Each structure stands twice: as C-alpha cells, then as structure tokens.
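A short worksheet on the structure shown next.
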Amino acid sequence: MNKQPWKIIVAAILLSTGLNSAQAADPIKIGSFLTVTGPASFLGDPELKTLQLYVESINAGGGINGRPVELIHYDTGGKAQDAVGFVKRLIKNDNVDLIVGGTTSGDTLAAIPEVEKEGIPLVSLAGAVDIVEPVKKWVFKVAHSDRMAAAKIFEDLRKRKLTKVALITGDGGFDKSGREQLLKLAPEYGITIVADESYGNKDTDITAQLTKIRATDAQAIINFGFGQTPAIVTKNIKQLGIKLPVYQSHGVASKTFIDLAGDAAEGVRLPAAALVVAEQLPDSDPQKPVLLAYKKQYEAKYGPVSTFGGHAYDGLFIAVEAVKRAGGTDKAKVRDQIEKTKGFIGASGVFNMTPEDHMGLNLDAFKMVEIHNGGWKIVE
Amino acid sequence: MRLTGFYALALVAGLLPVLFPGNYFITVVGIAAGLNVILAVGLNLLIGYAGQISLGHAAFFGMGAYASAILTTRYAFPPLLALSAGLISAGLMAWGLARPILRLHGHYLAMATLGFGIIIHVIMVQATGWTGGPDGLTGIPLLVLFGWAVDSDQRWYFVIMATMLLAVWLALNLVDSRIGRALRAVRGSEFGARMMGIDTARAKTQVFVVSALFAAFAGSLFAHQQGFVSPDSFNLSISIDLVIMVVLGGMASTFGAAFGAIALTLLHEGLVVFEDYEMLIHGALLMAVMIFLPQGLFVGLSQGARRGWTLVCRRQ
C-alpha cells in the first residue's frame with residue numbers, strides 16, 4: 001500500500017514526457033552563456049534581455065520554418081572556467097543546435113576548444129580579434145573588434161594631424177588586448193606612442209600616471225578600457241588641467257559613462273556603434289531603420305538601449321537567418337550558411353562573412369563620435 | 001578492512017558510466033568532481049591531518065596547469081614531460097616556502113598562504129608574454145599516454161577516476177604511516193610532538209610538498225582536459241572553495257574530503273538552474289551544514305545513518 005503513490009508519480013512522469021514529445025514540433029534550441037552578473041554585467045545584461053525579447057517575438061510570429069525557438073541560458077559571472085563548463089552542459093546535456101554567446105573575450109576564448117571539438121556553430125558577442133584570427137571552423141563573432149577601434153582612433157588622429165599620443169590602459173583583458181592592438185597599429189598610421197601608462201581597474205585615482213603623461217610631449221591621450229575607471233581617468237584629466245584631446249574606446253559607449261564623467265566628458269571622442277547615434281544618421285543609411293526598430297522594441301520593455309544588446313541582436317539573427325537558409329538545424333549546414341552571410345544589416349554594421357573573415361564588418365561599422373552637451377555627436 | 005571504503009569508491013566510479021552511459025552529469029561533471037577530489041584529498045593532508053591552514057592552494061593547482069600549458073604550447077614539450085616539469089616546479093616551490101611559512105601559526109599562516117596565492121595569481125595576469133595574461137592560453141594539445149590519446153569525455157573520465165583513486169589510495173596509506181601519525185601529533189600539539197622526538201619542521205614540510213604535488217598533478221590534467229587555462233581558474237575564490245570542500249566533508253578524513261569535493265561540485269552544478277538565487281542557496285546550505293553537522297557532511301551523515309539504523313533495529 002505504501003509504495004502506491006510512487007507508482008502513480010512515475011507513471012505520470014512517463015506519461016507526460018511521452019505526451020510532450022508527441023505534441024510539440026521539435027524546437028530549435030539556441031544555447032547561450034553570457035555574463036549577466038559580475039563586473040561585466042553591463043555587457044551581458046542587455047544581451048540576455050535582447051535574446052529573450054527576440055526569441056519571444058520570433059515564437060509569436062510562428063517560429064523558424066514552423067518550429068519554435070527555445071533559448072537555454074547560463075550566467076557565467078565572467079568566470080572563464082564556468083564558461084567552459086556551461087558550454088559543455090549546453091552541448092551535452094541540453095543538446096542545443098547552436099550557441100550564441102560569450103559576452104567577454106575571456107569566456108569565448110575559453111569555450112572555443114570545446115566548441116571546435118564538438119563541432120557546433122558558435123556566434124560570439126565578444127570583441128578580441130583572437131576569437132576569429134586565425135579563423136576557426138565553427139567560431140564566428142559579431143562585435144566590433146579592438147583592432148577596428150584602434151584603427152578608427154588612429155584614422156581620426158591622422159585627420160587632425162596629431163602624431164604623438166600617450167596611452168593609458170587598465171589591467172583587464174579588454175584593456176590589455178586593446179593596448180596590444182594600439183601598439184601594433186601605431187606605426188602603420190605614422191603615430192608615435194610617447195607614453196604607455198597603466199592602472200588597476202579598481203583604482204579610484206589615476207592622477208599619478210596622468211601627471212607623467214603631462215610631462216611628455218603627447219598631443220593626445222588614448223584611454224582604452226571599460227567600466228568605471230575610464231570615467232575616473234577622464235575626470236582626473238580635467239582636474240589636472242590637461243587640455244589635450246582625449247580618446248576613449250567603444251567600451252564606454254554608454255550613457256553611464258557620460259553620467260559618471262560629467263562635465264569632463266565634453267569633447268571626448270570615441271569610436272562607437274551606430275546605435276548610439278541612430279537618430280542622427282542620414283535617412284540614406286541602410287542601418288537606420290534596423291537600428292530604430294531595435295531601439296523601439298527594446299526600449300518599450302526595458303529602457304535605454306546599449307550597443308552591447310545590439311551585438312546579441314546581430315548574433316541571434318545571423319544564426320536564425322542561417323538556420324532558415326539551411327532548412328534545418330544540421331550543424332554543418334548551419335555553419336556553412338553563417339559563413340555565407342552577405343549584406344546582413346545588423347545593429348553593429350553590415351555583415352559580409354567569408355571563409356577567411358568570420359566577423360565580416362569593416363571600419364565603416366564604427367562611427368567616430370564626440371560627447372557634446374551630454375549627448376553623442378557624429379564627427380565624420 | 002582498512003581499504004573497504006576505497007574499494008567502494010572504486011566500484012562506484014567504475015559502475016556509474018556503465019549504468020548511465022554518456023550522461024552529462026557522470027562524464028562531464030564527474031571529471032570536475034574527480035579533479036576536485038584530488039585537490040581536496042591533498043589539501044586535507046595539510047589542513048585535516050597536520051592542522052595547517054592554506055588559503056593559497058589554487059596557486060599550486062595553477063602552477064601545474066600553467067606548466068603544462070606553457071611548455072606544451074610554446075615549447076612543444078610532450079605532455080608527460082610538461083606534467084613532470086609542473087610537478088617538480090610546484091614541489092620545489094612548496095619545499096622552499098614550507099620552512100619560512102610553516103613556522104607561522106593560525107592567522108599568520110593563513111595570511112602568508114593567502115599572500116602566496118595572490119602573488120601567483122598576479123603573475124599569471126601580468127606576465128602576459130608567458131601566460132597570455134587575463135585571456136589565458138588556448139590550444140593546449142591532447143594528453144597522449146603511451147600512444148593512447150585522451151580525446152573523449154569517456155576517456156577523460158577513466159583517466160581522472162584512475163588518478164583520483166590513486167590519490168585517495170596514496171592519502172590513505174600516508175595517513176596510516178609513520179608520517180601520518182607524526183602529522184596527527186603535530187596537529188594535537190606541536191610542542192608535544194617535538195618532545196616525542198618528531199622532527200615537526202620536516203613533517204610539516206613533507207606534507208606541504210605532498211599536497212602541492214597532488215594539486216599540481218590535478219592542474220596538469222585540468223589544463224589538458226580543458227584545452228585552455230586562464231588566471232580565473234586559480235584565484236582566491238578557488239582556494240577558498242578547496243578549503244570549503246575539506247571542511248564541508250569533514251576534516252581529518254580522506255573520504256570526508258572526497259565527499260566534500262563531490263558534494264560541492266554537484267551543488268554548484270545543480271544550483272545553476274536557480275540563476276539569481278544560486279549564491280543565496282549555496283551560502284545557506286553551507287551555513288546549515290556547519291551549524292547542524294559541525295564535524296562535516298561525511299562524518300555527520302554517517303553518524304546519523306548509524307543512529308538511524310540502531311533505532312530501526314531496536315524497534316524491531
């Protein structure tokens with residue numbers, strides 16, 4: 001008598017799983033691992049919201065090829081080791097068809113060996129060029145790379161005929177990778193690095209390093225970093241009365257930076273995705289309608305957009321379009337179709353992927369913007 | 001009789017993949033649990049038996065991992081040679097550190113090992129030319145054991161389980177040896193142990209080196225198994241996790257440490273589904289164990305089971 005309830009429960013479970021599999025059309029499973037908590041949460045949070053928002057609207061519109069989309073997400077908290085574990089879990093336990101994610105370069109780079117071994121398409125939302133250089137069979141990325149940011153800044157310096165610059169970067173992965181690209185590209189643009197200072201990303205005062213920079217003959221200062229410290233750097237520059245042009249990276253292309261740096265942010269230039277200046281784009285720009293639509297849909301539910309959410313939009317739709325063209329979720333076919341992405345107009349630019357280029361963005365994807373009256377202004 | 005628990009563990013480790021073939025929680029999580037068991041059992045020798053705290057144990061784990069990663073990727077060392085180099089460097093480091101560090105007690109020892117762990121972590125982050133900096137090193141080749149490439153989760157499971165069993169067996173034997181008895185004497189009273197004719201400095205140095213070797217070995221396997229290393233895997237929170245495993249399972253019991261390692265790994269994996277509440281539940285569970293089972297999960301639960309059993313017997 002005692003054992004009866006167990007039997008009923010077991011029977012119920014068996015029955016319900018049997019019913020489930022018979023009922024619903026096989027969903028397309030999209031796996032994701034993002035940094036929704038921790039120091040890089042300001043990147044991962046809008047990315048996850050974007051994914052959830054659009055998966056919902058894809059399903060409301062009947063799914064892909066008549067199949068619903070299921071999003072399975074794990075939060076890495078920015079810990080690379082966890083990223084590897086979650087990617088394994090997505091592939092082996094959740095049996096996902098493809099993966100969109102890796103908010104940070106560290107997370108993505110950690111996951112690559114597993115992804116390559118298992119042969120599953122991965123569309124990364126992180127920045128480092130190392131992710132797609134050298135080209136890896138199954139790995140794609142949609143975020144602007146740090147090399148593009150460096151090139152864009154140097155291009156602008158060349159236009160302003162400034163040749164001597166001082167670098168100041170943090171000790172995080174993003175900072176270091178950016179610094180490396182700046183140092184590598186400088187000779188190509190005829191630019192001399194006259195100072196190369198660094199700070200800890202938890203520092204609250206950077207005046208010592210900036211004082212050193214003031215003593216050099218630098219004509220401009222480039223600060224490559226994300227989070228709060230670049231705002232402190234910008235403030236300190238103003239406090240020290242340094243009048244040089246200041247460049248920041250795309251890592252601070254958010255309203256938060258302007259709020260944190262306050263007045264000091266006036267006149268700061270940075271390469272940014274077109275999303276931050278969507279309204280100012282000429283109507284002839286093919287990206288404008290896409291950007292405005294994304295902005296509208298996102299802001300209706302969550303408040304101000306950030307360019308990082310835009311990466312998730314691009315990653316998701318490049319994958320979705322590839323699944324549509326492949327006519328199913330065969331991993332090899334989907335991979336081939338992602339590689340054939342041509343003229344995809346996304347939030348970060350127009351994507352043209354090739355077997356040699358698994359990112360497919362060119363320098364036009366960045367706009368050089370200047371902070372003006374607490375807002376963004378295109379300066380090209 | 002002494003090794004009954006060991007045979008039981010070996011049986012479970014061997015049977016699980018047969019009973020649940022290809023199950024993610026066995027092959028993938030099992031590998032992580034196995035590595036943690038090696039680490040915890042090694043650390044337990046130091047914390048549980050010798051009564052010395054270490055808050056920097058992840059550093060030795062990291063040294064093994066980075067030795068394998070750097071030597072195989074940058075200098076094309078064969079994996080086993082790189083592994084040996086990792087063992088030797090971690091062993092030497094532990095030996096060099098042991099004398100000055102293990103003269104300290106209590107909080108001071110905790111501080112010193114904490115500092116050591118942080119220094120090694122900083123080196124991993126800053127020495128970009130060697131370690132690849134915060135982004136770490138990728139492209140670590142497969143582990144090949146005498147022509148047998150460890151290239152699937154199943155194979156890794158067997159390699160790690162075999163190593164884990166070896167580690168447990170070594171620890172059990174060590175504990176029951178002359179050295180093990182000397183260590184327990186040191187924990188009881190260092191002064192008393194010295195009066196009994198035990199060279200306490202030597203005993204402590206030995207156990208520190210052994211536990212560093214366990215960690216470095218696990219680190220090398222970890223590097224090959226993940227194909228990637230980054231400083232995140234060897235930071236302070238990992239060191240603390242290791243101490244938690246030892247304490248959670250029950251100090252001064254090899255099976256306790258192993259049990260703690262498995263429990264914490266599974267807990268972490270199981271709580272992921274709760275997303276935002278993960279840390280909350282995690283913390284609450286740890287507190288509950290410490291309050292209600294202060295001798296640790298293993299000892300506490302086995303005592304509870306025994307008590308329950310006698311109660312059942314009496315009723316009949």
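The values are calculated or read from the model by the stated rules, or taken from the named source; none is laboratory data. Model, not experiment: these values are computed from the prediction. In this analysis, Cβ positions are derived from the backbone assuming ideal geometry, glycine residues included, and neighbour counts consider all displayed protein chains. Each accessible area value is taken on the protein alone, full model and side chains, heavy atoms only, with ligands, DNA and RNA left out. Shrake-Rupley method; radii C 1.70, N 1.55, O 1.52, S 1.80 Å.
For A:ILE120, which of the numbered conditions (1) surrounded by 24 or more Cβ atoms within 10 Å (Cβ to Cβ); (2) more than 10 Å from every other protein chain (Cβ to nearest Cβ) fails to hold?
(1)
In this structure, is B:VAL272 among the β-branched types (Val, Ile, Thr), farther than 29 Å from B:ASP176 by Cβ and either touching a residue at least 12 places away in the same chain (Cβ under 8 Å) or part of a helix (DSSP H, G or I) (or both)?
For B:VAL272, the condition - among the β-branched types (Val, Ile, Thr), farther than 29 Å from B:ASP176 by Cβ and either touching a residue at least 12 places away in the same chain (Cβ under 8 Å) or part of a helix (DSSP H, G or I) (or both) - is met.
Of everything in the stretch A:288-333, what is touching a residue at least 24 places away in the same chain (Cβ under 8 Å) and in a loop (DSSP other than H, G, I, E, B)? Give them in sequence order.
A:PRO304, A:VAL305, A:SER306, A:GLY327, A:GLY328, A:THR329
Would you confirm, using the coordinates I've provided, whether A:GLY190 is in contact (Cβ under 8 Å) with a residue 24 or more places away in the chain and more than 14 Å from chain B (Cβ to nearest Cβ)?
Spelling it out, A:GLY190 is indeed in contact (Cβ under 8 Å) with a residue 24 or more places away in the chain and more than 14 Å from chain B (Cβ to nearest Cβ).
How about the stretch B:36-60: which of its residues are open to solvent by 10 Å² or more (accessible area, probe 1.4 Å) and closer than 24 Å to B:VAL150 by Cα?
Within the stretch B:36-60, B:ASN36 is the sole residue that qualifies.
Report yes if some residue within the stretch B:125-135 is open to solvent by 60 Å² or more (accessible area, probe 1.4 Å), free of Cβ contacts under 8 Å to residues at least 60 places away in the same chain and over 28 Å from A:GLY106 (Cα atoms); otherwise report no.
Checked against the condition, which is being open to solvent by 60 Å² or more (accessible area, probe 1.4 Å), free of Cβ contacts under 8 Å to residues at least 60 places away in the same chain and over 28 Å from A:GLY106 (Cα atoms), the stretch B:125-135 yields no hits at all.
Here's the yes/no breakdown for (1) over 17 Å from A:SER124 (Cα atoms); (2) of a type in the set (D, E, K, R); (3) open to solvent by 50 Å² or more (accessible area, probe 1.4 Å):
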residue: A:GLY66; (1), (2), (3): yes, no, yes
residue: A:HIS73; (1), (2), (3): no, no, no
residue: A:ASP94; (1), (2), (3): yes, yes, no
residue: A:ASP97; (1), (2), (3): no, yes, no
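Could you list all residues from the stretch B:95-139 that are within 14 Å of another protein chain (Cβ to nearest Cβ) and in a loop (DSSP other than H, G, I, E, B)?
B:ALA127, B:GLY132, B:GLY136, B:GLY139
Looking at the structure I just gave you, is B:GLY300 within 17 Å of B:ILE38 (Cα to Cα), of a type in the set (Gly, Ala, Ser) and in contact with a Gly (Cβ under 9 Å, 6 or more places away or on another chain)? Even if it seems obvious, please write down each step before you answer.
Details: within 17 Å of B:ILE38 (Cα to Cα): no; of a type in the set (Gly, Ala, Ser): yes; in contact with a Gly (Cβ under 9 Å, 6 or more places away or on another chain): yes.
For B:GLY300, the condition - within 17 Å of B:ILE38 (Cα to Cα), of a type in the set (Gly, Ala, Ser) and in contact with a Gly (Cβ under 9 Å, 6 or more places away or on another chain) - is not met.
Considering only the stretch B:184-200, how many residues are among the small types (Gly, Ala, Ser) and not in a helix (DSSP H, G or I)?
Qualifying residue count, the stretch B:184-200: 2.
Using the structure shown, decide if B:MET251 is open to solvent by 40 Å² or more (accessible area, probe 1.4 Å) and either of a type in the set (Lys, Arg) or more than 14 Å from every other protein chain (Cβ to nearest Cβ) (or both).
Considered against the rule, which asks whether it is open to solvent by 40 Å² or more (accessible area, probe 1.4 Å) and either of a type in the set (Lys, Arg) or more than 14 Å from every other protein chain (Cβ to nearest Cβ) (or both), B:MET251 comes out as yes.
Do we find a residue being surrounded by 21 or more Cβ atoms within 10 Å (Cβ to Cβ), among the hydroxyl-bearing types (Ser, Thr, Tyr), closer than 30 Å to B:LEU143 by Cβ and within 14 Å of chain B (Cβ to nearest Cβ) anywhere in the stretch A:106-115?
Looking only at the stretch A:106-115, we keep the residues that are surrounded by 21 or more Cβ atoms within 10 Å (Cβ to Cβ), and these are A:106-112, A:114-115.
The next check asks that each one be among the hydroxyl-bearing types (Ser, Thr, Tyr); those that pass are A:108.
Going one step further and asking which of them are closer than 30 Å to B:LEU143 by Cβ, we end up with A:108.
This time we only want the ones that are within 14 Å of chain B (Cβ to nearest Cβ), so: A:108.
Yes - at least one qualifying residue is present in the stretch A:106-115.
Quick one: which of A:ALA40, A:ALA80, A:ALA24 is more than 10 Å from chain B (Cβ to nearest Cβ), modelled with pLDDT under 85 and surrounded by 24 or more Cβ atoms within 10 Å (Cβ to Cβ)?
A:ALA40
Restricting to the stretch A:272-305, give me the number of residues that are open to solvent by less than 20 Å² (accessible area, probe 1.4 Å) and under 25 Å from A:ALA149 (Cα atoms).
Adding up the residues that qualify gives 10.
Scan the stretch B:1-34 for residues that are touching a Phe, Trp or Tyr at 6+ places or on another chain (Cβ under 6 Å) and closer than 17 Å to A:PHE86 by Cα and jot them down.
Selection gives B:ILE26, B:THR27, B:GLY30, B:ILE31.
Here are the criteria: (1) away from chain A (no Cβ under 12 Å); (2) at negative phi. Tell me which single one B:HIS224 does not satisfy.
In the conditions (1) away from chain A (no Cβ under 12 Å); (2) at negative phi, B:HIS224 misses (1) alone.
So, of the residues in the stretch B:276-307 that are open to solvent by 80 Å² or more (accessible area, probe 1.4 Å) and within 29 Å of A:HIS73 (Cβ to Cβ), which turns out to be farthest from the other protein chains (Cβ to nearest Cβ)?
Here the answer is B:MET287.
Can you find even one residue in the stretch A:251-260 that is under 15 Å from A:LYS377 (Cβ atoms) and among the basic types (Lys, Arg)?
Yes.
Which residues, counting only those in the stretch B:207-246, are touching a Phe, Trp or Tyr at 6+ places or on another chain (Cβ under 9 Å) and either open to solvent by 50 Å² or more (accessible area, probe 1.4 Å) or in a loop (DSSP other than H, G, I, E, B) (or both)?
Of everything in the stretch B:207-246, just one residue is touching a Phe, Trp or Tyr at 6+ places or on another chain (Cβ under 9 Å) and either open to solvent by 50 Å² or more (accessible area, probe 1.4 Å) or in a loop (DSSP other than H, G, I, E, B) (or both), namely B:LEU213.
Among the residues that make up the stretch A:157-170, is at least one of them closer than 27 Å to A:TYR199 by Cβ, within 14 Å of chain B (Cβ to nearest Cβ) and either in contact with a Cys (Cβ under 8 Å, 6 or more places away or on another chain) or surrounded by 24 or more Cβ atoms within 10 Å (Cβ to Cβ) (or both)?
Yes.
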